[in-house]
Structure formats: structure tokens, C-alpha cells
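Student: I have a structure I would like to understand better, so I am pasting it below and will then ask my questions one at a time.
The values are calculated or read from the model by the stated rules, or taken from the named source; none is laboratory data. Keep in mind the model is a prediction, meaning the values are calculated, not measured. Because the Cβ atoms are built from the backbone with ideal geometry, glycine has one as well, and the counts that use them run over all protein chains shown. In case anyone asks, the SASA skips ligands and DNA or RNA and just uses the protein heavy atoms, side chains included. Shrake-Rupley method; radii C 1.70, N 1.55, O 1.52, S 1.80 Å.
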Amino acid sequence: MLDIPAALKTEHENLHADLSAAIKVPGQTGQAAKQVAVVLHEHFVSEEEFAMRLSGCSVGSQRVALLPR
């Protein structure tokens, strides 16, 4: 199985930590942070899947041709 690139994983962990802290803030800020977390979760999943596909394409190859789905 391919791993998520470390830099991407670290960035997502940091953003999750910041959002978790913001969600705990009372009032509109916490509510807005919850909405952002929902939207970003889908983005994170898509970004990680995309990065893993790219990593898989480059394994054992110097040149990679990316084709549309």
C-alpha cells in the first residue's frame, strides 16, 4: 500500500489541530469552524487519494504520463 506523502500528512494534521481548537471556541467562531471542518474533510480525503495515485504512478519510473480519468 502506498503512503500519503509526509509533508501532506503533516499539513493535514496541523490543520486538523487548528480546527479542533477553533471548534471549542464558543459562539459563531466555533460554529463556523465546524462547518469548515466538514468541507475540508472531503478536500483532505480527495487530496490524499490524488497524491497516493501520483506516488503510485512514479514508482519504478523516471517518466510518468498522466491521463485523464
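Student: With the requirement that a residue be assigned to a helix (DSSP H, G or I), open to solvent by less than 50 Å² (accessible area, probe 1.4 Å) and either under 17 Å from Asp3 (Cβ atoms) or not aliphatic (A, V, I, L, M) (or both), what does the range 16-44 give you?
Tutor: Gly30, Phe44
Student: Moving on. Could you please find all residues in the range 8-30 being over 10 Å from the mean Cα position of the chain (by Cα) and hydrophobic (A, V, I, L, M, F, W, C)?
Tutor: Ala17, Leu19, Ala21, Ala22, Ile23, Val25 - these are the residues of the range 8-30 that are over 10 Å from the mean Cα position of the chain (by Cα) and hydrophobic (A, V, I, L, M, F, W, C).
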